[in-house]
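So the structure is just underneath, and the comments pick up after that.
The values are calculated or read from the model by the stated rules, or taken from the named source; none is laboratory data. Source: prediction; values computed, not measured. All Cβ positions, even for glycine, are placed from backbone atoms using ideal geometry, and neighbour counts span all protein chains on display. Remember, those area values only see protein heavy atoms, side chains included, never the ligands or the DNA or RNA. Shrake-Rupley method; radii C 1.70, N 1.55, O 1.52, S 1.80 Å.
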Amino acid sequence: QVQLVESGGGLVQAGGSLSLSCAASGNIFSRNVMGWYRQAPGKQRELVATITNVGRTKYVDSVKGRFTISRDNAKNTVYLQMNSLKPEDTAVYYCNADPPRQAYWGQGTQVTVSS
C-alpha cells in the first residue's frame, strides 16, 4: 500500500521561502511522473508542478521562476522549493502522481503566506 506524507509547510511572510518534502512508502517514484498540487479555501485543487522520472519539469504559470520541484528516487522523496512566496500561494499542498491516483492522496501540508 502506497502512502504519501507531506511535510515542511508553515507560516511565512510574503517574499519568504519554504521547502516541502513528500516521502513515500512503496516504490512509486521510479514508475510515475510526480506532482505537487495545492488547494486553496473555496477553490479546486490545482496541479502546480510536475517532474518525470528523468527530471524533466513543468510548472503552472503562476509559480514559474519561484518554485522548483525535484526528486530523489533512491529516497522515495519529492521536494518543492518555494521562493518569493505570495499571499495567493496560501493553500494546502499535496503530492501525488500525475495523473493523480485517488488512493495516494495524503493529508497535505498547510502553507500560509501573510502579507
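Things worth noting here:
- Selection status of Gln13, in contact (Cβ under 8 Å) with a residue 60 or more places away in the chain, farther than 17 Å from Gln107 by Cα, in contact with a Phe, Trp or Tyr (Cβ under 8 Å, 6 or more places away or on another chain) and of a type outside the set (A, V, I, L, M): no
- Pick from region 10-53, criterion part of a loop (DSSP other than H, G, I, E, B) and closer than 14 Å to Asp98 by Cβ, ranking: least open to solvent (accessible area, probe 1.4 Å): Ile28
- Looking across region 24-42, the residues that are more than 11 Å from the chain's Cα centre (by Cα) and hydrophobic (A, V, I, L, M, F, W, C) come down to Ala24, Ile28, Phe29, Val33, Ala40.
- Residue within region 54-68 that is among the polar types (S, T, N, Q) and more than 21 Å from Ala91 (Cα to Cα) present: yes
Per-residue answers, yes or no, for (1) assigned to a loop (DSSP other than H, G, I, E, B); (2) modelled with pLDDT of 95 or more; (3) open to solvent by less than 60 Å² (accessible area, probe 1.4 Å):
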| residue | (1), (2), (3) |
| --- | --- |
| Lys58 | no, yes, no |
| Gly65 | yes, yes, no |
| Thr68 | no, yes, no |
| Ala74 | no, no, no |
| Leu85 | yes, yes, yes |
| Glu88 | no, yes, no |
| Cys95 | no, yes, yes |
| Gly106 | yes, no, yes |
| Val113 | no, yes, yes |
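- Every pair of residues 6+ apart whose Cβ atoms lie under 7 Å, when the first sits in region 72-92 and is in contact (Cβ under 8 Å) with a residue 24 or more places away in the chain and over 14 Å from Gly8 (Cα atoms) while the second is assigned to a helix (DSSP H, G or I) and open to solvent by less than 20 Å² (accessible area, probe 1.4 Å): Asn73/Phe29; Asn76/Phe29
- The conditions of being touching a residue at least 40 places away in the same chain (Cβ under 8 Å) and over 17 Å from Val111 (Cα atoms) are not met by Val60.
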